[in-house]
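First comes the structure, then the notes that go with it.
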Amino acid sequence: AQSVTQPDIHITVSEGASLELRCNYSYGATPYLFWYVQSPGQGLQLLLKYFSGDTLVQGIKGFEAEFKRSQSSFNLRKPSVHWSDAAEYFCAVGGGGSQGNLIFGKGTKLSVKP
Amino acid sequence: ETGVTQSPTHLIKTRGQQVTLRCSSQSGHNTVSWYQQALGQGPQFIFQYYREEENGRGNFPPRFSGLQFPNYSSELNVNALELDDSALYLCASRTGGGRHNEQFFGPGTRLTVL
């Protein structure tokens, strides 16, 4: 069955420090992978997506993610975190068929220390 | 360009009641998906509508039903509410039925069932 695992429920980093959020997926075919961010009271905003091609994907707000098929991972990174990055981050895989539904992980809450 | 909007923002119901949530898709989008996000969880796919027809459904009982109108706006109806239906309900719209098209999320409706 298709699934997404985000092993870290909550991460705290200092402002200016680097960040890596982990995501592992289970999917039988070539996955379509996404990272979304959700701020309190807000909907989900797409940070970046991977469909094919270059395994290092650049997104908005200075985020990037690397697809590693051998490890079934799609980790999100940012070299220098800003206080405004504090939010909840969701990794998702595109469902099968033509439906386009997304299968989400449980999310990682990011806190940023001043 | 107007984004995805949802109404109401918050709603409180009691067990056994029925509720209707509404979603206006982004201009030009003909596909609407609904997700349920319980507290501390990632969003879960309920169903999808494409050109007024349901064309995909997640693991939700029949008391969760929906409609899509000719202007591509959508409704989610939940009958016989249960306590576990308390959640944030997210609507997402996109163009076409393909699974690689970006989904744009609304801010959600927070439903509380007492």
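The values are calculated or read from the model by the stated rules, or taken from the named source; none is laboratory data. Note that the coordinates shown come from a computational prediction; the quantities given were computed from them, not determined experimentally. Heads up, the Cβs are rebuilt from the backbone with ideal geometry, glycines too, and the neighbour counts pull from every protein chain shown.
Of note:
- Members of segment B:46-68 found to be among the basic types (K, R) and either within 14 Å of chain A (Cβ to nearest Cβ) or touching a Lys or Arg at 6+ places or on another chain (Cβ under 6 Å) (or both), listed by number: B:R51, B:R57
- Single match in B:L39, B:L81, B:L88, B:L21 (criterion: crowded, with 16+ Cβ neighbours inside 10 Å, outside any strand (DSSP E or B) and aliphatic (A, V, I, L, M)): B:L81
Quick grid of which residues meet (1) in contact with a Phe, Trp or Tyr (Cβ under 8 Å, 6 or more places away or on another chain); (2) of a type in the set (D, E, K, R):
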{"residue": "A:A1", "(1), (2)": "no, no"}
{"residue": "A:P31", "(1), (2)": "yes, no"}
{"residue": "A:V37", "(1), (2)": "yes, no"}
{"residue": "A:G53", "(1), (2)": "no, no"}
{"residue": "A:F63", "(1), (2)": "yes, no"}
{"residue": "A:E66", "(1), (2)": "yes, yes"}
{"residue": "A:R69", "(1), (2)": "no, yes"}
{"residue": "A:R77", "(1), (2)": "yes, yes"}
{"residue": "A:V81", "(1), (2)": "no, no"}
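- Scan of segment A:4-33 for residues that are among the aliphatic types (A, V, I, L, M) and within 14 Å of chain B (Cβ to nearest Cβ), ordered by number: A:V4, A:I9, A:L21, A:A29, A:L33
- Of all the numbered requirements in (1) on the phi < 0 side of the Ramachandran plot; (2) exposed (fewer than 15 other Cβ atoms within 10 Å of the Cβ), A:G16 misses one, and that requirement is (1).
- Any pair with Cβ under 6 angstrom, 6 or more apart, that starts in segment A:50-65 at a residue that is farther than 15 Å from A:S80 by Cβ and ends at one that is surrounded by 12 or more Cβ atoms within 10 Å (Cβ to Cβ) and of a type in the set (S, T, Y): A:F51/A:Y32; A:V57/A:Y50
- Residue in segment A:61-82 that is within 14 Å of chain B (Cβ to nearest Cβ) and under 28 Å from B:C91 (Cβ atoms) present: no
- Residues in segment B:9-18 that are surrounded by 15 or more Cβ atoms within 10 Å (Cβ to Cβ) and either within 11 Å of the chain's Cα centre (by Cα) or not aliphatic (A, V, I, L, M) (or both): B:K13 alone.
- Meets criteria (part of a loop (DSSP other than H, G, I, E, B) and more than 8 Å from chain A (Cβ to nearest Cβ)) for B:Y72: yes
- Looking only at residues in segment A:1-13 that are touching a residue at least 40 places away in the same chain (Cβ under 8 Å) and under 16 Å from B:Q44 (Cα atoms), the one that is surrounded by the fewest Cβ atoms within 10 Å (Cβ to Cβ) is A:S3.
- Strands (runs of 3 or more DSSP E) completely within segment A:16-106 that count 3 or more residues being out of contact with any Ser or Thr (no Cβ under 8 Å at 6 or more places or on another chain), at pLDDT 95 or above and farther than 18 Å from A:V4 by Cα: A:56-58
- Looking across segment B:49-70, just one residue is touching a residue at least 40 places away in the same chain (Cβ under 8 Å) and not aromatic (F, W, Y), and that is B:N55.
- The set of residues from segment B:42-55 being surrounded by fewer than 21 Cβ atoms within 10 Å (Cβ to Cβ) and either farther than 22 Å from A:Q45 by Cβ or more than 11 Å from the chain's Cα centre (by Cα) (or both) comprises B:Y50, B:R51, B:E52, B:E53, B:E54, B:N55.
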